[in-house]
Amino acid sequence: MPPPEIETVDDWFSREVAKPRFYMLLLAAFAATGLILAAIGIYGVTANTVARRTREFAIRMAFGAGRSDILQLVLSLGARLTIAGAVIGLAGALAATRLISSLLYGVKPEDPLTLASGLVVLAGTGLGASYIAARKATSADPNVALRCE
């Protein structure tokens, strides 16, 4: 009688966790893509606003506003966008908990630490993208911006 198929515990374990590991990697790839798209979107909206308001920023700087004031003004716009997106995203995440609960292992879908860490990562990404666009606003020369028309 031939022996049954013999395999190591490592081979058996790898075969057993292959499907959940694939789902986790797929979910992580979509999450990274979403994070990149969110950063690009916030940067694009903020950069467009900065480009349209260049004259206003030049006038503010000509009347004595410092670069830090302009930076704070643009960052507040980005912060508002980021907070609005975080609130909508948190509501969506809580609504989708039933859909992803079968994919989670050892974590509850409504885990506050996980949700908070996700919000911190997204808020940091949004503020970072806004900061990059805000630096462009502070580098504008008031003389050039006012003489462009």
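Debye calculation, C-alpha points only, no solvent: report log10 I(q)/I(0) for the chain at q = 0.09, 0.10, 0.17 Å⁻¹, in the same order as the q values. With one equal scatterer per Cα and no solvent, log10 I(q)/I(0) is -0.47, -0.54, -0.97.
Between Met1 and Leu27, the simple spin-label model (points 7 angstrom out along Cα→Cβ) gives 4.3 nm. Placing unit charges on the Cβ atoms of the charged side chains and taking the dipole of the chain about its Cα centre, the candidate lying farthest along the positive direction among Ser102, Pro20, Leu113 is Leu113.
By the count of neighbouring beta-carbon atoms within 10 Å, fewest first, Met1, Met24, Met61 end up ordered Met1, Met24, Met61. Entry note, the chain: the mean residue ellipticity at 222 nm calculated from DSSP H runs of n ≥ 4, each adding -39500 (n - 2.57), is -26000 deg cm²/dmol after division by the residues and rounding to the nearest 500. Residues Ser102, Ser14, Ser130 in ascending order of nearby Cβ atoms (within 10 Å, fewest first): Ser102, Ser14, Ser130. If only the Cβ of Lys and Arg carry +1 and only the Cβ of Asp and Glu carry -1, the dipole of segment 31-146 around its Cα centre is close to 260 debye.
The trypsin sites (Lys or Arg not before Pro) of segment 74-149 that DSSP puts in a loop, and whose beta carbon has at most 11 other beta carbons within 10 Å, are Arg147. Evaluating 6.51 cos²θ - 1.76 cosθ + 1.60 at θ = phi - 60° for every residue in segment 65-74, the Karplus couplings come out as 5, x, 4, 5, 5, 5, 4, 5, 4, 6 Hz, glycine and proline recorded as x.
Every number in this text was worked out from the coordinates using simple rules, so none of it is lab data. Everything quoted here is computed from the prediction, not taken from an experiment. Positions of Cβ are generated from backbone atoms using ideal geometry, with glycine treated the same way; all protein chains shown enter the neighbour counts.
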